[in-house]
1. State all residues of the stretch 282-340 that are in a helix (DSSP H, G or I), under 30 Å from ASP57 (Cα atoms) and among the polar types (S, T, N, Q); if no residue qualifies, say none.
2. May I ask you to list the residues in the stretch 144-153 that are buried (at least 19 other Cβ atoms within 10 Å of the Cβ) and assigned to a loop (DSSP other than H, G, I, E, B)?
3. Select from the stretch 167-205 the residues that are part of a loop (DSSP other than H, G, I, E, B) and open to solvent by 70 Å² or more (accessible area, probe 1.4 Å) and write down the one among them that is farthest from MET249 (Cα to Cα).
4. Taking ALA272, is it among the hydrophobic types (A, V, I, L, M, F, W, C), part of a helix (DSSP H, G or I) and touching a helix residue (DSSP H, G or I) at 6+ places or on another chain (Cβ under 7 Å)?
5. Select from the stretch 206-220 the residues that are outside any helix (DSSP H, G or I) and either open to solvent by less than 50 Å² (accessible area, probe 1.4 Å) or among the hydrophobic types (A, V, I, L, M, F, W, C) (or both) and write down the one among them that is modelled with the lowest pLDDT.
6. Find the residue count for the stretch 284-308, including only residues that are free of Cβ contacts under 8 Å to residues at least 24 places away in the same chain, touching a Leu at 6+ places or on another chain (Cβ under 8 Å) and of a type in the set (Gly, Ala, Ser).
7. Name the residues in the stretch 284-343 that are aliphatic (A, V, I, L, M) and at positive phi, would you?
8. Report, by residue number, each residue of the stretch 14-55 that is aromatic (Phe, Trp, Tyr), modelled with pLDDT of 90 or more and open to solvent by 40 Å² or more (accessible area, probe 1.4 Å).
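The values are calculated or read from the model by the stated rules, or taken from the named source; none is laboratory data. Please read these numbers as outputs of a predicted model, since none were measured by experiment. Because the Cβ atoms are built from the backbone with ideal geometry, glycine has one as well, and the counts that use them run over all protein chains shown. These accessible areas exclude ligands, DNA and RNA; they are computed on the full protein's heavy atoms, side chains included. Shrake-Rupley method; radii C 1.70, N 1.55, O 1.52, S 1.80 Å.
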Amino acid sequence: MNIITEADYRKLIGKTAGRAFLFFGEEDYLKSYDIKATRERVCPDSAFAVFNDITLDAMDFTADKLLDAMTPPPMMADERLIVLRGLDFTSIKAAELDALTEALALLSEYDYNTVIIHVAAGLIDEGYLPKRPGTVLKKLSEVTTPVQFAASTGARLAAWAGKHFQHLGVTVSPADCNFLIAFAGKSMYLLASEIEKVAYYVLANGRSTATEADIRLCAVAATDMDAFALSNAILAGRTNDALDALAVMKFERTEPTLIMAELSKTLCDMQATRLYLDAGKNAKEIAAQLKCHEYKAGLLVKAVSRISHARLTRAVRLCAEGDAALKRSASDYTAIEKLICSL
């Protein structure tokens, strides 16, 4: 089984026609970046993108649709890009996997196509690489070239951050790049956003060099977002903060059903705490009623001290409605976003 690195793949851009690639691993930002770079090479003319730049989403994907996309020749071009995204290979049925591999095996007959299967972090069993790949990964490697996007190290992130700043017209010392990573975290998606904020602030002030002070002023410190922080932001009416908290959870690939379950429990605990407070109970007594540590009860008391019982009741009701909507949907984050924006 021949697995190549992200750096190896970049050298192949421009020579990918007639091949299928499986993008897997932890670093989702670089997967998106390389797909964009491939798209710019394969489909430079946006006027023909509808024919030559095709994305198939998991919600309505079938192997037959992949074949339908592969079969016609590209329009006014030599090549076509087909991106398959969103499939969960940890739960794919054997028949679906067989159909997919059979379709990809026909790619040599339609060698004007480049096919990229974009697998989000955690959605394929990698096994114990390199010697013992997971079963699905091994099967897909028979018809694709696996490209592993490993999590970036601190040194690599710092070098990337420096180049990203430079691309925006701003210079930053290696020490300050390291500080940014320590301050804002290691998610490349979040770092890209923070770098842009810092760079635009520096340029707007007539400078071309960013400092640690600029980073502290403009960037958002990394934090472990949880359901308690999300609930507080929602109930306090801080919609942007709540959406930011949810964005972190998205980047960390937290399951929407898990977020909703934790959010529901936290809101119910808050509602109960408000009732106990109204009944004259203190934090110690509330901890005994909720069967939690007194410290947590203290946090709940502080969180709900200025929130009415009516508002908490409405939040719990809307959360229940959101939970039902989530279970009827494709398990994305839409129901949670609607909940945040409705309170």
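1. Here is the first cut: in the stretch 282-340, the ones in a helix (DSSP H, G or I) are 283-290, 294-304, 309-328, 334-340.
Checking the rest, the ones that are also under 30 Å from ASP57 (Cα atoms) come to 318-328, 334-340.
THR334, the sole residue that qualifies.
2. Our first condition is that a residue be buried (at least 19 other Cβ atoms within 10 Å of the Cβ); within the stretch 144-153, this holds for 144, 146-149, 152.
Scanning the stretch 144-153 gives THR144, SER152.
3. ASN205
4. Working: among the hydrophobic types (A, V, I, L, M, F, W, C): yes; part of a helix (DSSP H, G or I): yes; touching a helix residue (DSSP H, G or I) at 6+ places or on another chain (Cβ under 7 Å): yes.
Judged against the criteria, ALA272 is a match.
5. Here is the first cut: in the stretch 206-220, the ones outside any helix (DSSP H, G or I) are 206-211, 219-220.
Subsequent filtering for residues that are either open to solvent by less than 50 Å² (accessible area, probe 1.4 Å) or among the hydrophobic types (A, V, I, L, M, F, W, C) (or both) retains 210, 219-220.
Values: ALA210: 97, ALA219: 88, VAL220: 76.
Going through the qualifying residues, I end up with VAL220.
6. Counting residues in the stretch 284-308 that are free of Cβ contacts under 8 Å to residues at least 24 places away in the same chain, touching a Leu at 6+ places or on another chain (Cβ under 8 Å) and of a type in the set (Gly, Ala, Ser) gives 0.
7. None; the set is empty.
8. So in the stretch 14-55, the residues aromatic (Phe, Trp, Tyr) come out as 21, 23-24, 29, 33, 48, 51.
From what is left, the residues that are modelled with pLDDT of 90 or more are 21, 23-24, 33.
Scanning the stretch 14-55 gives a single hit, TYR33.
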